[in-house]
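A short write-up of the structure that comes next.
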Amino acid sequence: MATYVMGTNSVHSSAELCDYLARRIEAGDVVHVVNSHQGGDQTDSDDARDGEDAMNVVTSRLGDLVSIETHQYIRGNDPAEDILRCAREQNADEIVIGVRKRNPTSKIVFGSTAQDVLLNSNIPMAVIPLEKVY
């Protein structure tokens, strides 16, 4: 039995991450799906709804195969912090996150959740490209 923590922020990311996990999971595994928002003025009802939709994709795609637990956090934390905390609390065997190719300026200005998770975790990770590289 394995425990996975998946960080997602969109239905498209969820679909790509499910494609990866569908090849890995086995009966008895548990997938914790994390969607995180800053809250306050930085999060509106559309953001929360989109997060719920992203988590619902995982439930509908993998819920017949394994146990799915969803966690939507809107509490002022950085998404990487919420993913890492959930992974620690659930004693995760693997963290599954997606990455998009971005230009250097956007990396500096907006940061990178995937990078923060990679640099601050001792838990094995699967980093799934969310865009085709040509």
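The values are calculated or read from the model by the stated rules, or taken from the named source; none is laboratory data. Remember, predicted model here, so these are calculated numbers, not experimental data. Virtual Cβ from ideal backbone geometry, glycine too; neighbours counted across all protein chains shown. Accessible surface areas use protein heavy atoms only, side chains included; no ligands, DNA or RNA. Shrake-Rupley method; radii C 1.70, N 1.55, O 1.52, S 1.80 Å.
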Exercise. What are the trypsin sites (Lys or Arg not before Pro) within the range 1-71 that DSSP puts in a loop, where the Cβ has at most 11 other Cβ atoms within 10 Å?
Worked result: Arg23
Seminar exercise, completed: Once amide hydrogens are built 1.01 Å from N within the peptide plane, the residues lying 5 or more places from His32 or on another chain with amide H under 5 Å from its amide H are Tyr4, Val5, Met6, Glu69
Seminar exercise, completed: Of every hundred units of 1.4 Å-probe accessible area on the chain, the number belonging to carbon and sulfur atoms, as a percent, is 47 percent
For this session: Calculate, for the chain, the solvent-accessible area per residue in square angstrom, rolling a 1.4 angstrom probe over the heavy atoms of the protein chains.
Result: 58 Å²
Problem set entry | Distribution of pairwise C-alpha distances over the chain, 10 Å bins, in % | 12, 45, 35, 7, 0
Problem set entry | DSSP-defined antiparallel bridges as percent of all bridges, the chain, nearest 5 | 0 percent
Exercise. What translational diffusion coefficient, in µm²/s and rounded to a whole number, does the Stokes-Einstein relation yield for the range 28-85 at 20 °C and a viscosity of 1.002 mPa s, taking the hydrodynamic radius as the Kirkwood radius over Cα pairs?
Worked result: 179 µm²/s
Seminar exercise, completed: For the range 2-60, listing GluC sites (Glu not before Pro) in a DSSP loop whose Cβ sees at most 13 other Cβ atoms within 10 Å gives Glu26
